[in-house]
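What follows is a set of notes on a single structure, which appears directly below.
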Protein chains: 2
Amino acid sequence: MRRPVSLAHASRLVNHGPTVLVSSAHGERRNVMAAAWSMPVEFTPPRIAVVLDKSTFTRELVLASGGFALNLPCRALADLCFTVGSVSGTEADKFTRYGIERFEGSTGLPLVEGCVAWLECRLISEPHAQEAYDTFFGEVVAAQADDRVFANGRWSFRDDNAELHTLHHLGAGVFAVPSQTVQGRVIAPLPDPA
Amino acid sequence: MRRPVSLAHASRLVNHGPTVLVSSAHGERRNVMAAAWSMPVEFTPPRIAVVLDKSTFTRELVLASGGFALNLPCRALADLCFTVGSVSGTEADKFTRYGIERFEGSTGLPLVEGCVAWLECRLISEPHAQEAYDTFFGEVVAAQADDRVFANGRWSFRDDNAELHTLHHLGAGVFAVPSQTVQGRVIAPLPDPA
């Protein structure tokens, strides 16, 4: 079930480097594309960066509307993720073309059903970073997650929710899935040689 | 075994969002810290972005030297990764304190033994992005990877190299490990309603 995520925990949704679907809309036009290149840049206020190539229709909609959403697809959506990353939205409305179910976020953005987390962002205008590095900064203004896999501010990847694990694009449609976790321990320093 | 990676393939090393160790040096001073927040921004020339907080010793060394390296730790290094992300290098040399084995990269940077990939970067000075978003852009000038897990420009995460899988920090020392992969397929569009 979808639950709101505290903005203080928003960065944790993307801390582990998942591939995302970027959704956007302006007037009657809308789009969704896959993006492997995004990261948090600040905890408070929660801010993220995402790379939007100059060739993308998404970039045009984001610049026109001043907002975008990151939707986190899961294993069950691997085909959809690869597909919307392989075709351009300038040709046809991908939501209609592929029968992608959506719901409206609190900012009015179209969000993708079946994803496991959603971050709605206000674009922070940085023309130089956009032009030189295709890097778009945004402030997260609303976040949600599927509580079967993200609850109490933490991801929980388990065997019984394997279809809800996030996707991490390796290339050519092959996605790594974080199906195991490991707990790191703090190592004791070596004895001081002095 | 360590093998050079073509610069054309450098972005593939970090495309799936691994947590990295950032190593740096200036004069006699050196450091290594963990960073979950990095991403590629350009294929050619290969460029990446990484977030270096204002409180870090690494930031000081990177600004002074104009370079840094991203080392990709693997499952076998989960404790080391969590440890160097939990203590500051201003207190003591972490390489010495934790007995971290290193080798010298082609740019002279200290690289961490036991990691599975290494990207040596030249800092691209962007004072505004550095100040406003702690975001440092770099151009990859040399890359290497362990050919047991990355070969022919592709990661290969298998059961028989599980200890070499990359780490993806979820928080509090818990790392997701991309121990499975899934192949996405392109979906056929719905029939045109017209």
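Taken together, the values in this text are just the output of simple stated rules run on the coordinates, not laboratory data. Source: prediction; values computed, not measured. As a convention, Cβ positions derive from the backbone with ideal geometry for all residues, glycine included, and neighbour counts pool all protein chains shown.
Taking region A:67-91, which residues are of a type in the set (S, T, N, Q) and either touching a Phe, Trp or Tyr at 6+ places or on another chain (Cβ under 9 Å) or assigned to a helix (DSSP H, G or I) (or both)?
A:Asn71, A:Thr83, A:Ser88, A:Thr90
Pairs, please: C-beta under 6 Å, at least 6 apart or cross-chain, first residue more than 7 Å from chain A (Cβ to nearest Cβ) and in region B:75-90, second surrounded by fewer than 24 Cβ atoms within 10 Å (Cβ to Cβ) and assigned to a loop (DSSP other than H, G, I, E, B)?
B:Leu77/B:Gly114
This table checks each residue for (1) part of a strand (DSSP E or B); (2) touching a strand residue (DSSP E or B) at 6+ places or on another chain (Cβ under 6 Å).
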site: A:Cys115; (1), (2): no, yes
site: A:Ala143; (1), (2): yes, yes
site: A:Arg148; (1), (2): no, no
site: A:Asp160; (1), (2): no, no
site: A:Ala176; (1), (2): yes, yes
site: A:Thr181; (1), (2): yes, yes
site: A:Arg185; (1), (2): no, no
site: A:Pro189; (1), (2): no, no
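So, in region A:117-141, of the ones that are in contact with a strand residue (DSSP E or B) (Cβ under 8 Å, 6 or more places away or on another chain) and assigned to a loop (DSSP other than H, G, I, E, B), which residue ends up nearest to A:Ser179 (Cα to Cα)?
Once the filter is applied, the top-ranked residue is A:Asp134.
Report every pair of residues separated by at least 6 positions or lying on different chains whose Cβ atoms are under 7 Å apart, first residue within region B:143-156 and within 11 Å of chain A (Cβ to nearest Cβ), second part of a strand (DSSP E or B).
Close Cβ pairs satisfying both conditions: B:Phe150/B:Ala117; B:Arg154/A:Leu170; B:Arg154/A:Gly171; B:Trp155/A:Leu170.
Within region A:114-128, restricting attention to residues that are touching a residue at least 40 places away in the same chain (Cβ under 8 Å) and either within 9 Å of chain B (Cβ to nearest Cβ) or crowded, with 21+ Cβ neighbours inside 10 Å (or both), which residue is farthest from A:Leu21 (Cα to Cα)?
Result: A:Ile124.
I'd like the residue in region B:158-183 that is surrounded by 23 or more Cβ atoms within 10 Å (Cβ to Cβ) and of a type outside the set (A, V, I, L, M) and, out of all such residues, is farthest from A:Ile187 (Cα to Cα).
Among those that are surrounded by 23 or more Cβ atoms within 10 Å (Cβ to Cβ) and of a type outside the set (A, V, I, L, M), it is B:Pro178.
What tally of residues in region A:88-105 results from selecting those that are surrounded by fewer than 12 Cβ atoms within 10 Å (Cβ to Cβ) and of a type in the set (D, E, K, R)?
3
Cβ-Cβ under 9 Å, sequence separation 6+ or interchain: first residue in region B:21-40 and more than 12 Å from chain A (Cβ to nearest Cβ) and basic (Lys, Arg), partner surrounded by fewer than 24 Cβ atoms within 10 Å (Cβ to Cβ) and part of a strand (DSSP E or B). Which pairs?
B:Arg30/B:Arg102; B:Arg30/B:Pro110
Output the residues belonging to region B:165-174 that are part of a loop (DSSP other than H, G, I, E, B), facing another protein chain (nearest Cβ under 7 Å) and on the phi < 0 side of the Ramachandran plot.
Here is the first cut: in region B:165-174, the residues part of a loop (DSSP other than H, G, I, E, B) are B:165, B:167, B:172-173.
With facing another protein chain (nearest Cβ under 7 Å) added as a condition, the list becomes B:173.
Those that are part of a loop (DSSP other than H, G, I, E, B), facing another protein chain (nearest Cβ under 7 Å) and on the phi < 0 side of the Ramachandran plot: none in region B:165-174.
Which one of these does B:Phe43 not meet: (1) surrounded by fewer than 19 Cβ atoms within 10 Å (Cβ to Cβ); (2) farther than 30 Å from B:Phe157 by Cα?
With respect to (1) surrounded by fewer than 19 Cβ atoms within 10 Å (Cβ to Cβ); (2) farther than 30 Å from B:Phe157 by Cα, B:Phe43 is out only on (2).
Checking B:Gly108 against (1) within 13 Å of chain A (Cβ to nearest Cβ); (2) under 21 Å from B:Leu63 (Cβ atoms); (3) out of contact with any Ser or Thr (no Cβ under 9 Å at 6 or more places or on another chain), which single condition isn't satisfied?
Looking at each condition in turn, B:Gly108 falls short on (1).
Go through (1) away from chain B (no Cβ under 14 Å); (2) in contact (Cβ under 8 Å) with a residue 12 or more places away in the chain; (3) of a type outside the set (Val, Ile, Thr); (4) surrounded by fewer than 17 Cβ atoms within 10 Å (Cβ to Cβ) one by one and return the number of the condition A:Asn71 breaks.
The failed condition is (4).
Only one of these conditions is not met by A:Val186: (1) within 20 Å of A:Ser38 (Cβ to Cβ); (2) in contact with a helix residue (DSSP H, G or I) (Cβ under 6 Å, 6 or more places away or on another chain); (3) within 7 Å of chain B (Cβ to nearest Cβ); (4) not hydroxyl-bearing (Ser, Thr, Tyr). Which number is it?
(1)
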